[in-house]
């Protein structure tokens, strides 16, 4: 943030809590209520707002909100429960008194204010005014003393346009990712049920026969998983530490969305866990976890040896008739997840799926490795498209962070930043 000579207090850009519902409000007055739980990290979840009458509303439902107003959560502001009302609502909008409703003054852009609230320097200043420990809060008068960079009205609009454009692109990317995730689920359902014909298209329903697991191609083998998985290996039960001098060890929290998440790792001495290190296409099954997470599986996709794994996890060894990638796909299929949880037994705060019981589960396996590979490739094609869009989203997020700090703090000229963004 520039020095104080090139900053202004927030009060110079906006007014706060201009209008509230009074006791004279008709009891049958309908409005849409925005409470603190409806706003998170800059987004108002309109599905969580409620239509209420004044007579049936909580006593905190009092702040009148207009399009263009910014909501600043004065209760636990560090959680960043701030939002902005950009469009008219179906009903008059009323916010909780836990918000400061900030209305831009003439010549100020409310979008500029909104984006400024997420700057580290702004959050630091807010924290200095907070009072209370369990529920830290800032009052309206102190909030209005927090300082922003001195930026004229046209530049505020230009800055807001740039940041809004990146936000819009991010939302569009999120929508594409969600659509692709839905497509992937549908493709997996089709391919693990119907497989692929010689023409590389899913078989017709009329080409399937009834089996113990539902309709499947007549050439597929339906047997217990134990016929295809020839071994199950428990991980290390050594105590793990934070020192990175050894080998990282995967635990149950390191399986997320059917892949390995290496963000939070513990370590063990290399000599003690070297034999537990993952090799390419190793499949790990989470045998112990909470009910909603037990049974998840991930596969090591890299050529180089990976981390070791703890005893909460089990390495499954496939025989010659089953590709590890197909096993990984099958284990994470929603119908299979529901089926294998029937083998779960309760433990202390967690449940457990014994690998011996897991191998009793019925699996339908294509009779050729070629068809298994074709199914895997088809699913991986969609997964690759999802990953491409995730990388694009990460780039947008990084660009936004850099531009936001540069623009809102005045470190770089607005016009130069706009040219760089374009």
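Going residue by residue through the stretch 261-277, is there one that turns out to be in contact with a helix residue (DSSP H, G or I) (Cβ under 6 Å, 6 or more places away or on another chain) and modelled with pLDDT under 95? Checked against the condition, which is being in contact with a helix residue (DSSP H, G or I) (Cβ under 6 Å, 6 or more places away or on another chain) and modelled with pLDDT under 95, the stretch 261-277 yields at least one hit. Of all residues in the stretch 236-257, those that are within 14 Å of residue 278 (Cα to Cα) have Cβ atoms under 6 Å from Cβ atoms of residues that are part of a helix (DSSP H, G or I), 6 or more apart or on another chain, in 236/273; 236/276; 247/270; 247/273.
Sort through 391, 341 and tell me the only one that's in a helix (DSSP H, G or I), within 22 Å of the chain's Cα centre (by Cα) and under 22 Å from residue 256 (Cα atoms). Spell out how you get there, then give the answer.
Working: 341 fails: within 22 Å of the chain's Cα centre (by Cα).
None of the other options fit; the residue is 391.
Would you be able to say whether some residue in the stretch 332-350 is surrounded by 15 or more Cβ atoms within 10 Å (Cβ to Cβ), touching a helix residue (DSSP H, G or I) at 6+ places or on another chain (Cβ under 9 Å), without any contact (Cβ under 8 Å) to a residue 40 or more places away in the chain and under 22 Å from residue 289 (Cβ atoms)? Yes, because at least one residue in the stretch 332-350 is surrounded by 15 or more Cβ atoms within 10 Å (Cβ to Cβ), touching a helix residue (DSSP H, G or I) at 6+ places or on another chain (Cβ under 9 Å), without any contact (Cβ under 8 Å) to a residue 40 or more places away in the chain and under 22 Å from residue 289 (Cβ atoms). Does residue 230 count as modelled with pLDDT of 90 or more and buried (at least 18 other Cβ atoms within 10 Å of the Cβ)? Here the answer is no, as residue 230 does not meet what is asked.
Please work out which one of (1) buried (at least 18 other Cβ atoms within 10 Å of the Cβ); (2) out of contact with any helix residue (DSSP H, G or I) (no Cβ under 6 Å at 6 or more places or on another chain) is the condition residue 257 fails and give its number. Tallying (1) buried (at least 18 other Cβ atoms within 10 Å of the Cβ); (2) out of contact with any helix residue (DSSP H, G or I) (no Cβ under 6 Å at 6 or more places or on another chain), residue 257 fails exactly one: (1).
Applying the criterion of being surrounded by fewer than 17 Cβ atoms within 10 Å (Cβ to Cβ) and over 31 Å from the mean Cα position of the chain (by Cα) to the residues of the stretch 144-165, the residue that is farthest from residue 107 (Cα to Cα) is 145.
One line per residue, one yes/no per condition, for (1) farther than 19 Å from residue 40 by Cβ; (2) touching a strand residue (DSSP E or B) at 6+ places or on another chain (Cβ under 6 Å); (3) at pLDDT 95 or above; (4) not assigned by TED's automatic domain parsing to the domain that holds residue 35:
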site	(1), (2), (3), (4)
74	no, yes, yes, no
93	no, yes, yes, no
119	no, no, no, no
141	yes, no, no, no
156	yes, no, no, yes
161	yes, no, no, yes
165	yes, no, no, yes
175	no, no, yes, yes
179	yes, no, yes, yes
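If the condition is being exposed (fewer than 15 other Cβ atoms within 10 Å of the Cβ) and closer than 21 Å to residue 126 by Cβ, then the stretch 37-89 contributes 37, 41, 43, 78, 79.
What are the residues in the stretch 233-252 that are outside any loop (DSSP other than H, G, I, E, B) and surrounded by 15 or more Cβ atoms within 10 Å (Cβ to Cβ), if any? Even if it seems obvious, please write down each step before you answer.
Initial filter on the stretch 233-252 (outside any loop (DSSP other than H, G, I, E, B)): 233-234, 236, 241, 247-250, 252.
Those that are outside any loop (DSSP other than H, G, I, E, B) and surrounded by 15 or more Cβ atoms within 10 Å (Cβ to Cβ): 233, 234, 236, 247, 248, 249, 250, 252.
Looking only at residues in the stretch 260-272 that are surrounded by fewer than 13 Cβ atoms within 10 Å (Cβ to Cβ) and free of Cβ contacts under 8 Å to residues at least 24 places away in the same chain, which one is nearest to residue 241 (Cα to Cα)? So the residue we want is 264.
The values are calculated or read from the model by the stated rules, or taken from the named source; none is laboratory data. Because the structure is a prediction, the values reported are computed rather than measured. Here Cβ is always computed from backbone atoms with ideal geometry, including for glycine, and neighbour counts include all displayed protein chains.
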